[in-house]
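Peer 1: Mind looking over this structure? Questions follow.
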Amino acid sequence: MADGIELRRATALVAAARRGVAFTGAGVSAESGIQTFRGQDGLWKRHDPYRTASLQHFLRDPSVYWAVSRERWPGFQRARPNPAHLALAELELAGHLAAVVTQNTDGLHREAGSRRVIELHGTGGTVRCLDCGTSEPRADVQARLDREMPPRCPACGGRRMKPTVVFFGEGLPSGAIEEAFELAGACDLMLVVGSTLVVYPAADVPRVAVQHGAPLVVLNDEPTPMDGRATVVLRGRAGELLPSLASSVLRA
Ligand code: NAD
Ligand code: ZN
């Protein structure tokens, strides 16, 4: 758990920031009950990531993805923003953060009140037919998985219904990645929360900020490859450390 000195140093950096950027990964939503992929209890300990979520395998057999999704969906549906999401929204409102750049697809930053959210890996709430382009809310597709596996497109009957998230082997939405790099190049603080920083090209976003001279704060419950370049490393749970950080910034 991060000690008081580190928290004070992070507080000073965040308090001084006027166009900081938060970069978040699955760890920020772990305390909302959404399992991470990597990390100690990650989903990839039980499922092969490429068989589950690569475009190549999905096109061959979408039911592998949808079987995992059936298991995960109740947790996703129940998930609400946790104190870490709320703290980031407060820091934006107080003028310290310009934006949240997230790898997550759960929509929880927006639900917590963050206004400028860049979703690098798309959004998990919608499903689109790869054959005819028809879109459907995810909840509707999930609701018929018990009798329809893989799910069929209600318009064309095709069996290639894919969530609007970025799979392995797919490019990132170009507008989002451009905006993220622009923000990173101009920020005066990069605050990484709950990311292994090993998923590319997303993990280049904090690197660009550091190359442009921004101080880096890394908050994660395990070491990351960028810790050596961080001004401050806060080791612990996002839902505990971020609210402490935000309240000491707002008092400062
Ligand atoms: P990641 O790079 O997003 O890393 C998650 C990191 O968070 C790990 O190092 C883990 O140890 C750490 N962590 C877990 N709980 C934490 C907590 N309470 N406080 C602080 N740190 C914590 O890696 P991933 O999980 O492999 O995800 C890969 C990709 O899939 C990313 O794009 C990720 O955003 C996406 N994903 C999204 C969701 C979601 O939308 N909620 C869930 C799983 C994965
Ligand atoms: Zn269709």
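The values are calculated or read from the model by the stated rules, or taken from the named source; none is laboratory data. Here the structure is a predicted model, which is why all the values come from computation and not from measurement. Note: ideal-geometry Cβ built from the backbone for every residue, glycine included; neighbour counts use all protein chains shown. Side chains are part of the model used for accessible areas, which takes the heavy atoms of the whole protein and leaves out ligands, DNA and RNA. Shrake-Rupley method; radii C 1.70, N 1.55, O 1.52, S 1.80 Å.
Peer 1: Dipole of the chain, Cα-centred, from +1 at each Lys and Arg C-beta and -1 at each Asp and Glu C-beta, to the nearest 20 debye? Intermediate values should be presented prior to the final figure.
Peer 2: Values: 29 positive and 27 negative charges, 74 e Å.
Its charge dipole is roughly 360 debye.
Peer 1: Can you give the local net charge around residue 185? Use residues other than it whose beta-carbon is closer than 13 angstrom to its beta-carbon, Lys and Arg +1, Asp and Glu -1.
Peer 2: Details: positive: 19, 207; negative: 178, 179, 182, 188, 204.
Spelling it out: positives minus negatives among the neighbours equals -3.
Peer 1: Once you charge only the Cβ atoms, +1 for Lys and Arg and -1 for Asp and Glu, what is the size of the charge dipole of segment 123-186 about its Cα centre, to the nearest 20 debye?
Peer 2: The dipole magnitude comes to about 440 debye.
Peer 1: If you don't mind, there's one more thing I want to ask. Cut-off 10 angstrom, C-alpha nodes, Gaussian network model of the chain. Which of 113, 239, 169 fluctuates the most?
Peer 2: So, out of 113, 239, 169, the one fluctuating most is 169.
Peer 1: In what sequence, highest mean first, do 192-201, 5-14 appear when ranked by Cβ atoms within 10 angstrom?
Peer 2: 192-201, 5-14
Peer 1: What nm value, rounded to one decimal, do you get for the distance between residue 222 and residue 50 when each label is placed 7 Å out toward the C-beta?
Peer 2: 2.0
Peer 1: For residue 116 and residue 248 in one chain, what is 0.36 nm times their gap in residues minus the Cα-Cα distance, to one decimal in nm? Numbers along the way, then the final one.
Peer 2: Details: separation 132, 0.36 × 132 = 47.52 nm, distance 2.28 nm.
Using 0.36 nm per residue and subtracting the Cα-Cα distance, I get 45.2 nm.
Peer 1: How high is the relative contact order of segment 174-252? Use alpha-carbon pairs under 8 Å, at least six apart in sequence, and give a whole percent.
Peer 2: 26
Peer 1: Right, another one. Please give, to one decimal in nm, the separation of the simple spin-label points placed at residue 5 and residue 131, each 7 Å out from Cα toward the Cβ.
Peer 2: For the pair residue 5/residue 131, the computed spacing is 6.4 nm.
Peer 1: Using only the Cα atoms, work out Rg/Rh for segment 24-160, with Rh taken as the Kirkwood radius, to two decimals.
Peer 2: Values: Rg = 16.3 Å, Rh = 16.2 Å.
Ratio value, two decimals: 1.00.
Peer 1: On to the next question. At a threshold of 8 angstrom on Cα-Cα distance, excluding pairs fewer than six apart, so keeping six or more, what relative contact order does the chain reach in percent?
Peer 2: 27
Peer 1: Using Cα centres only, tell me the gap between segment 212-252 and segment 41-69 in whole Å.
Peer 2: Value for the Cα centre distance between the two parts: 32 Å.
Peer 1: While we're looking at this one, here's another question. Give me log10 I(q)/I(0) at q = 0.15, 0.17 Å⁻¹ for segment 84-232, Debye formula, one equal scatterer per alpha-carbon, no solvent.
Peer 2: Computed log10 I(q)/I(0) values: -0.83, -0.98.
Peer 1: Which residue fluctuates the most in the chain, going by a Gaussian network model with Cα springs under 10 Å, if the choices are 234, 59, 191?
Peer 2: Residue with maximal mean-square fluctuation among 234, 59, 191: 59.
Peer 1: Label-point separation (nm) for residue 174 and residue 19, each offset 7 Å from Cα along Cα-to-Cβ?
Peer 2: 2.4
Peer 1: For the chain, what is the accessible area per residue in Å² when the probe is 1.4 Å?
Peer 2: Value for the chain: 45 Å² per residue.
Peer 1: With a 1.4 Å probe and every protein chain kept in, tell me what percent of the accessible surface of the chain is carbon plus sulfur.
Peer 2: 50
Peer 1: From the convex hull of the Cα coordinates of the chain, what is the mean projected area in square nanometres?
Peer 2: For the chain, the mean projected area of the Cα convex hull comes to 12.7 nm².
Peer 1: Now for a different question. Evaluate E = 1/(1 + (r/R0)^6) for residue 149 and residue 182, where r is the Cβ-Cβ distance and R0 equals 35 Å; express this FRET efficiency to the nearest 0.05.
Peer 2: Result of the calculation: an efficiency of 0.25.
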